Amino acid sequence: MTQKVQGIGASSGIAIGKAFVLPTWEWDVPEEKMDPSDLAREFERLYEGIRSSKDEIEFIKSEIREMVGNEESSIFDAHLAILDDPIFMNEIQGIIQRQYKAAEVAVKEAIDHFVTMFDLLDDEYMKERALDIKDVGNRLLKHLLGAPEITLPTDTQPYILVAKELSPSQLVHLNPKNVLGIVMLMGGKTSHSAIMARALGIPLVLGLEGKITRPVQTGDLVIVDGEHGMVYIEPPEQVVKQYVARHEAYAREMDELMKLVKLPAVTQDGLTISLSANISSTRELEIADQNGAEGVGLFRTEFMYMDRSYPPSEAEQLTVYRDAAEHYKDSQVIIRTLDIGGDKPMEYLNLPEEDNPFLGYRAIRICLDQQELFKSQLRAILRASAHGPVAIMIPMISSVEEIIAAKAVLEEAKAELRDEGLPFDEKLPVGIMVEVPAAALIADRLAEEVDFFSIGTNDLVQYTLAVDRMNEQIAHMYDPFHPAVLRLIRHTIEAAQARGIGISVCGEMAGDTRAVPLWIAMGVTKLSMSSRFIPRVKAAIHRATRTGSEQLAERIFAARSKAEIDELVERHFTS
Ligand code: PEP
Ligand code: MG
């Protein structure tokens, strides 16, 4: 029987294949009581189980670091922290001591207690943490019971993995070549598992609990449409045909574009544009290479600070930044300092709930307030600059004072490193993101203070047009080609050019092929975007000419309305 189920698309892409249904990680725990004289032995068993679990997690951590990078491996720090958590451990010890229950019974009861408690909370984040507790608790149980690990098939045909819940530990053992796609009944977009599936590039649909009427069987034909969050189980022939065709068309287009990967991005009349990657973890460097990125134009470092209970140390950050710097000896890696805010969970900073998080306490505003946090990141970036061409970029700047204050902290960090004899690039470029209209309007003043600007169109559009970039209802009003946005962009570029500092664009608009003529006309020769957009933008540059682009830009800036601009752009690309 065919089933079509709408879930949440948590990692994009299409996968078609046979299901492998993962049995749940649950064991029978014998409910036997023990003799009070055995208490000491039971505690010893518990501690031994904790030690083995920790060793195993450390091992998985090092495996995952090799596989997908440091950021993802830090997920397991959260698991180690649970094994050291006094509240969790006291609960287990209390059950053993007061009720004379065996260690495995106590662990099982403690897991159930905390998972039920977190699940009751109407808080996505806590629900995700319940999954972590279950994962760690089950690992501990496995050691206490001497039970074998549930493993995934390794030598079969590639399959679609179907699971009730999938823990990060289970995901670690996945070979992305074998797993075409994942269907997970539980979980949310921000779960660690979803984050990892995205990093591994595996299509994932989740949140199907209660929606599937007949359980999926191993061997069922399944389609995962990660883009639209749709899952088909035993689909009819014509749906399979449609999806196979979509899959093939996409693959064909990609094949054509991939032929351009090694070519430079040059217009018909010889203007070269450098295309670099936006990344948020070093794992994405491989994808950047595959798409022909020349360096990193935006390294979003927030990910490293999220989903954990304490900030990453300077040493941990250094390893990540150094990996990126060493990867690109001939091009540049622009590392953006922490761009967090009320909309991103970061428990340990105790950020207050805000009515307008995008207008609130975020990014440089937090960093200038919490200077130790800021300085440790600056020190790590500076130290990485001894290993390759690195630049620092500061987000959310809206005044000259903020740059001066940020540069003062940077100077302190430099002075400390000099005192400690730690090397760094004394000429390391410092730039800012121009993403607040105020910054665009005073770009001439800001240009006197920095080495480069990178225009963050994602925020610039939302702040200029007063259109929340996360609000579906007004998404149609979120328009990078609005004349007000274009004027601010042009103003910023002209200010950079007048002062002779670097200028690039790193918002999503940089990856929009329709904007290519505008960059050419305005003299922007550096664009940074999600790696997968690079081949497409390169193809658009190959088709473009400077004169054609200048004519279009002139008309766009002379247009009286947004509708007129839309029509000009449409005509340019269809004629
Ligand atoms: C931007 O605002 O354009 C940008 C690149 O930064 P983010 O999307 O991370 O806010
Ligand atoms: Mg931004």
**Message:** Based on this model, can you work out whether Arg336 counts as open to solvent by less than 60 Å² (accessible area, probe 1.4 Å) and among the charged types (D, E, K, R)?
**Reply:** yes
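This table checks each residue for (1) surrounded by 14 or more Cβ atoms within 10 Å (Cβ to Cβ); (2) modelled with pLDDT of 90 or more; (3) within 26 Å of the chain's Cα centre (by Cα).
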site	(1), (2), (3)
Tyr243	yes, yes, no
Asp255	no, no, yes
Asp269	no, yes, no
Leu275	yes, yes, yes
Thr282	yes, no, yes
Gly292	yes, yes, yes
Gly297	yes, yes, yes
Phe303	yes, no, yes
Pro312	yes, yes, yes
**Request:** Spot the failing condition for Ile556; the list is (1) over 30 Å from Gly13 (Cα atoms); (2) within 29 Å of the chain's Cα centre (by Cα); (3) part of a helix (DSSP H, G or I); (4) more than 16 Å from ligand 2 (Cβ to nearest atom), and only one is missed.
**Result:** (2)
**Asked** Residues in the range 435-483 that are within 12 Å of ligand 1 (Cβ to nearest atom), out of contact with any strand residue (DSSP E or B) (no Cβ under 9 Å at 6 or more places or on another chain) and aliphatic (A, V, I, L, M): how many?
**Response** 3
**Message:** Looking for something within 16 Å of ligand 1 (Cβ to nearest atom) and outside any helix (DSSP H, G or I) - is there at least one such residue anywhere in the range 402-421?
**Reply:** no
**Prompt:** Before we move on, is Gly388 closer than 28 Å to Asp123 by Cα and surrounded by 15 or more Cβ atoms within 10 Å (Cβ to Cβ)?
**Reply:** no
**Request:** Please work out if Ala380 is within 16 Å of ligand 2 (Cβ to nearest atom), of a type in the set (Gly, Ala, Ser) and within 30 Å of Ser274 (Cα to Cα).
**Result:** no
**Message:** Can you pull out every residue in the range 538-563 that is at pLDDT below 95 and not hydroxyl-bearing (Ser, Thr, Tyr)?
**Reply:** Arg560, Lys562, Ala563
**Message:** Among the residues of the range 527-558, what is the count of those that are over 23 Å from Met258 (Cβ atoms) and crowded, with 18+ Cβ neighbours inside 10 Å?
**Reply:** 4
**Fill in**
Considering the range 412-451, residues that are under 25 Å from the mean Cα position of the chain (by Cα) and within 16 Å of ligand 2 (Cβ to nearest atom), and then whichever is surrounded by the fewest Cβ atoms within 10 Å (Cβ to Cβ), we arrive at Val436
**Message:** Being of a type in the set (A, V, I, L, M) and touching a strand residue (DSSP E or B) at 6+ places or on another chain (Cβ under 8 Å) is the filter here; which residues of the range 308-326 pass it?
**Reply:** Ala324, Ala325
**Prompt:** Residues of the range 495-511 being open to solvent by less than 40 Å² (accessible area, probe 1.4 Å) and within 16 Å of ligand 2 (Cβ to nearest atom), which ones?
**Reply:** Ser504, Val505, Cys506, Gly507, Met509, Ala510, Gly511
**Request:** Restrict the check to the range 273-287 and report whether at least one residue is in a helix (DSSP H, G or I), β-branched (Val, Ile, Thr) and touching a residue at least 24 places away in the same chain (Cβ under 8 Å).
**Result:** yes
**Prompt:** All but one of (1) touching a residue at least 40 places away in the same chain (Cβ under 8 Å); (2) within 25 Å of the chain's Cα centre (by Cα) hold for Gly511; which doesn't?
**Reply:** (1)
**Fill in**
Over the range 494-538, the set of residues more than 16 Å from Ala265 (Cβ to Cβ), within 13 Å of ligand 1 (Cβ to nearest atom) and part of a helix (DSSP H, G or I) is Glu508, Met509
**Request:** Hey, can you tell me all the residues within the range 230-272 that are in a helix (DSSP H, G or I) and aromatic (Phe, Trp, Tyr)?
**Result:** Tyr243, Tyr250
**Message:** Please verify whether Glu294 is assigned to a loop (DSSP other than H, G, I, E, B) and under 19 Å from Pro389 (Cα atoms), treating the condition exactly as stated.
**Reply:** yes
**Prompt:** Has the range 143-157 got at least one residue that is open to solvent by less than 20 Å² (accessible area, probe 1.4 Å), within 20 Å of Lys54 (Cα to Cα), at pLDDT below 80 and hydroxyl-bearing (Ser, Thr, Tyr)?
**Reply:** no
**Asked** Of all the residues that make up the range 532-571, how many are in contact with a helix residue (DSSP H, G or I) (Cβ under 6 Å, 6 or more places away or on another chain) and either more than 30 Å from Gln290 (Cβ to Cβ) or aromatic (Phe, Trp, Tyr) (or both)?
**Response** 9
**Residues (more than 21 Å from the chain's Cα centre (by Cα), in a loop (DSSP other than H, G, I, E, B) and on the phi < 0 side of the Ramachandran plot) located in the range 314-360** = Lys329, Asp330, Ser331, Pro352, Glu353, Glu354, Asp355, Asn356, Gly360
**Fill in**
Of the candidates Val524, Val516, Val485, Val467, the one satisfying the condition of being within 16 Å of ligand 2 (Cβ to nearest atom), hydrophobic (A, V, I, L, M, F, W, C), closer than 25 Å to Phe299 by Cβ and open to solvent by less than 70 Å² (accessible area, probe 1.4 Å) is Val485
**Message:** So Ile381 passes all but one of these: (1) part of a loop (DSSP other than H, G, I, E, B); (2) β-branched (Val, Ile, Thr); (3) more than 15 Å from ligand 1 (Cβ to nearest atom). Which condition number does it fail?
**Reply:** (1)
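The values are calculated or read from the model by the stated rules, or taken from the named source; none is laboratory data. Just so it is clear, the structure is predicted and the values come from calculations on it, not from any experiment. Reconstructed Cβ throughout: ideal geometry from the backbone, glycine too, with neighbour counts over all protein chains shown. Ligands, DNA and RNA are excluded from the accessible area calculation, which covers all protein heavy atoms including side chains. Shrake-Rupley method; radii C 1.70, N 1.55, O 1.52, S 1.80 Å.
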